[in-house]
Ligand SMILES: Cc1cc2nc3c(=O)[nH]c(=O)nc-3n(C[C@H](O)[C@H](O)[C@H](O)COP(=O)(O)OP(=O)(O)OC[C@H]3O[C@@H](n4cnc5c(N)ncnc54)[C@H](O)[C@@H]3O)c2cc1C
């Protein structure tokens with residue numbers, strides 16, 4: 001039997017996409033090669049925008065209560081406190097501030113939501129090959145052949161879908177090894193702050209996670225025994241006593257690559273998340289960017305799969321999301337280079353110029369706004385009355401189960417506008433407001449259109465292509 005959409009990969013990206021599609025009434029199968037859900041933390045920074053995405057697909061639940069609302073990043077240079085980046089101060093405009101919580105918890109919450117919407121992850125089902133055919137895609141999987149109208153590769157950095165469907169993924173390696181350890185420990189550190197120690201090219205960091213856990217991270221050569229190396233660096237770089245560690249829960253080594261696909265879509269196959277872009281995890285952007293891809297794609301694919309829009313609507317996915325990923329790639333590479341202080345000039349810049357600047361409120365605000373992803377806008381022009389078409393308007397589009405929101409004037413014109421929106425877009429949340437103009441907000445909380453009620457039809461003709 002043919003499915004409308006197959007999502008390959010049940011990580012954070014695939015799960016947000018599947019929830020968005022199911023909430024829009026599209027049937028979807030989520031296939032994942034792993035035998036069971038991952039239990040390791042991996043990402044720990046849920047940015048303000050990431051929390052909004054989860055909220056929109058109904059998966060935020062009690063995560064804020066179970067997370068650590070990080071207030072500060074405290075940076076020490078050569079053993080002395082050199083900068084305090086205050087994050088709490090800048091959270092204006094955010095419905096939820098940035099949170100520290102394990103990726104495993106976020107994925108568990110998403111799976112719960114997927115179940116509530118009638119979906120599930122089919123574990124132990126690896127996609128091995130992708131055949132584009134006329135009007136559909138045939139997948140070879142370890143569970144047999146699967147046919148779908150559309151396939152989205154959310155299968156991570158080593159994506160089989162990307163390779164099998166022939167997407168280009170140009171890029172470069174950008175740094176040495178990082179060692180990671182999640183430990184249960186009583187460290188003499190503030191649990192509302194991340195701590196970073198810098199000395200020359202040496203870096204060590206500690207991030208609090210819920211449940212008395214700390215994520216320790218060090219830039220160092222790969223080692224056979226990661227726990228032993230991290231323990232020794234704890235003492236030498238951060239002055240922390242490794243005997244304070246009661247349990248080594250997870251250790252890992254990662255190398256940083258920077259890659260971005262040239263195209264997000266090839267005929268009936270699309271990519272999202274790490275399958276489309278990989279970069280340094282410094283700055284906590286990867287999972288959040290993947291979830292942003294997913295919600296942008298979900299409403300478009302839902303309209304196309306339901307036969308309400310032409311496939312050209314999908315072109316806007318690459319047009320809007322590839323620049324966001326390119327920006328994340330360059331920002332995280334720049335941050336990594338600066339934090340690592342590779343080279344005398346970079347170190348001088350970091351120690352003498354940038355760290356003192358980090359203490360300034362205006363700089364803190366800029367950093368927070370960039371990292372939070374709340375400023376992501378798809379507006380075509382820089383100038384114009386705010387919000388511009390394409391701007392995020394999350395504050396005026398409260399959660400409504402991933403639906404379109406139409407604000408229309410009372411009376412006949414507004415009613416006709418609401419009837420039209422419902423007929424052409426599916427379920428629409430209608431709000432009546434005394435005004436002469438109407439506005440339409442996308443399910444991903446960006447302003448789609450603003451104008452006279454009678455102009456909506458022409459706008460939808462242009463966007464939906466039918
Ligand atoms: C140490 C570290 C720290 C990080 N910290 C942060 C952070 O703080 N904030 C942040 O936003 N990001 C962070 N990231 C990045 C983040 O972990 C990734 O960007 C995120 O996991 C991407 O999610 P995804 O769903 O796109 O891919 P993945 O999480 O890789 O999920 C892919 C899924 O696809 C499945 N799969 C693979 N191959 C196949 C196949 N052939 N068929 C079917 N299924 C398949 C896998 O089993 C997996 O479940 C960090 C990464 C690392 C390594």
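The values are calculated or read from the model by the stated rules, or taken from the named source; none is laboratory data. Just so you know, these numbers come straight off a predicted model, no measurement behind them. With ideal geometry, Cβ positions are generated from the backbone for all residues, glycine too; neighbour counts draw on all protein chains shown.
Taking the residues in the range 172-189 that are away from the ligand (no atom under 12 Å from the Cβ) and farther than 19 Å from residue 333 by Cβ as candidates, determine which candidate is surrounded by the most Cβ atoms within 10 Å (Cβ to Cβ).
Out of the qualifying residues, it is 183.
For the range 254-276, state whether one or more residues are crowded, with 22+ Cβ neighbours inside 10 Å, farther than 28 Å from residue 58 by Cα, modelled with pLDDT of 95 or more and within 16 Å of the ligand (Cβ to nearest atom).
Scanning the range 254-276 turns up at least one residue that is crowded, with 22+ Cβ neighbours inside 10 Å, farther than 28 Å from residue 58 by Cα, modelled with pLDDT of 95 or more and within 16 Å of the ligand (Cβ to nearest atom).
State all residues of the range 235-253 that are touching a helix residue (DSSP H, G or I) at 6+ places or on another chain (Cβ under 8 Å) and either at positive phi or away from the ligand (no atom under 13 Å from the Cβ) (or both); if no residue qualifies, say none.
Once the filter is applied, which keeps residues that are touching a helix residue (DSSP H, G or I) at 6+ places or on another chain (Cβ under 8 Å) and either at positive phi or away from the ligand (no atom under 13 Å from the Cβ) (or both), the range 235-253 yields 235, 240, 241, 242, 245, 248.
Given (1) modelled with pLDDT under 95; (2) under 30 Å from residue 267 (Cα atoms), where does residue 142 come up short, assuming only one miss?
Only one criterion is unmet by residue 142, namely (1).
Here are some conditions: (1) under 30 Å from residue 248 (Cβ atoms); (2) surrounded by fewer than 22 Cβ atoms within 10 Å (Cβ to Cβ); (3) modelled with pLDDT under 90. Residue 94 meets all but one. Which one does it not meet?
Among (1) under 30 Å from residue 248 (Cβ atoms); (2) surrounded by fewer than 22 Cβ atoms within 10 Å (Cβ to Cβ); (3) modelled with pLDDT under 90, residue 94 violates only (1).
Name the residue that is modelled with the highest pLDDT, counting only residues in the range 25-56 that are more than 11 Å from the ligand (Cβ to nearest atom), farther than 30 Å from residue 214 by Cβ and buried (at least 24 other Cβ atoms within 10 Å of the Cβ).
28
Does the range 148-165 contain at least one residue that is surrounded by fewer than 16 Cβ atoms within 10 Å (Cβ to Cβ), within 13 Å of the ligand (Cβ to nearest atom), over 16 Å from the mean Cα position of the chain (by Cα) and in a helix (DSSP H, G or I)?
yes
Within the set of pairs 6+ apart or on separate chains, which have a first residue in the range 9-20 that is free of Cβ contacts under 8 Å to residues at least 60 places away in the same chain and over 12 Å from residue 402 (Cα atoms), a second that is more than 7 Å from the ligand (Cβ to nearest atom) and part of a helix (DSSP H, G or I), and C-beta atoms under 8 Å apart?
none
May I ask you to say which residue of 208, 188 is assigned to a loop (DSSP other than H, G, I, E, B) and either within 19 Å of residue 40 (Cα to Cα) or without any contact (Cβ under 8 Å) to a residue 60 or more places away in the chain (or both)?
None of the other options fit; the residue is 188.
Test of understanding: among 99, 85, which residue is within 28 Å of residue 238 (Cα to Cα), buried (at least 21 other Cβ atoms within 10 Å of the Cβ) and free of Cβ contacts under 8 Å to residues at least 60 places away in the same chain?
Just a single option satisfies the conditions, and that option is 99.
Can you tell me which residue within the range 1-16, out of those that are more than 7 Å from the ligand (Cβ to nearest atom) and more than 24 Å from residue 280 (Cβ to Cβ), is surrounded by the fewest Cβ atoms within 10 Å (Cβ to Cβ)?
Selected residue: 1.
Please find, among 374, 447, 406, 460, the residue that is within 19 Å of residue 304 (Cα to Cα) and either touching a residue at least 24 places away in the same chain (Cβ under 8 Å) or in contact with a helix residue (DSSP H, G or I) (Cβ under 9 Å, 6 or more places away or on another chain) (or both).
So the residue among 374, 447, 406, 460 that is within 19 Å of residue 304 (Cα to Cα) and either touching a residue at least 24 places away in the same chain (Cβ under 8 Å) or in contact with a helix residue (DSSP H, G or I) (Cβ under 9 Å, 6 or more places away or on another chain) (or both) is 460.
How many residues are more than 8 Å from the ligand (Cβ to nearest atom), modelled with pLDDT of 95 or more, farther than 15 Å from residue 10 by Cα and out of contact with any strand residue (DSSP E or B) (no Cβ under 6 Å at 6 or more places or on another chain) when one looks only at the range 277-295?
Qualifying residue count, the range 277-295: 1.
Would you mind stating whether residue 195 is crowded, with 16+ Cβ neighbours inside 10 Å, within 28 Å of the chain's Cα centre (by Cα), within 24 Å of residue 75 (Cα to Cα) and without any contact (Cβ under 8 Å) to a residue 60 or more places away in the chain?
Judged against the criteria, residue 195 is not a match.
Would you pick out the residues in the range 364-396 that are at pLDDT below 90, farther than 30 Å from residue 83 by Cα and crowded, with 17+ Cβ neighbours inside 10 Å?
If the condition is that a residue be at pLDDT below 90, farther than 30 Å from residue 83 by Cα and crowded, with 17+ Cβ neighbours inside 10 Å, then 394 is the only one that fits.
Can we say residue 169 is over 30 Å from residue 65 (Cβ atoms) and within 14 Å of the ligand (Cβ to nearest atom)?
yes
Could you tell me how many of the residues in the range 266-280 are out of contact with any helix residue (DSSP H, G or I) (no Cβ under 8 Å at 6 or more places or on another chain) and outside any strand (DSSP E or B)?
Matching residues across the range 266-280 total 2.
Just to be sure before I move on: is residue 246 part of a strand (DSSP E or B), at pLDDT 95 or above and more than 29 Å from residue 50 (Cβ to Cβ) in the structure I sent? Steps first, answer last, please.
Working: part of a strand (DSSP E or B): yes; at pLDDT 95 or above: yes; more than 29 Å from residue 50 (Cβ to Cβ): yes.
Yes: the conditions hold for residue 246.
Going by what's in this entry, would residue 20 be described as over 19 Å from residue 161 (Cβ atoms) and more than 7 Å from the ligand (Cβ to nearest atom)?
no
Take the range 118-134 and flag every residue that is more than 13 Å from the ligand (Cβ to nearest atom), surrounded by fewer than 18 Cβ atoms within 10 Å (Cβ to Cβ) and touching a residue at least 24 places away in the same chain (Cβ under 8 Å).
Residues satisfying the conditions are 118, 120, 132.
Please tell me if residue 283 is under 19 Å from residue 203 (Cα atoms), in contact (Cβ under 8 Å) with a residue 24 or more places away in the chain and either in a helix (DSSP H, G or I) or in contact with a helix residue (DSSP H, G or I) (Cβ under 6 Å, 6 or more places away or on another chain) (or both).
Yes; evaluated as a whole, the condition is true for this residue.
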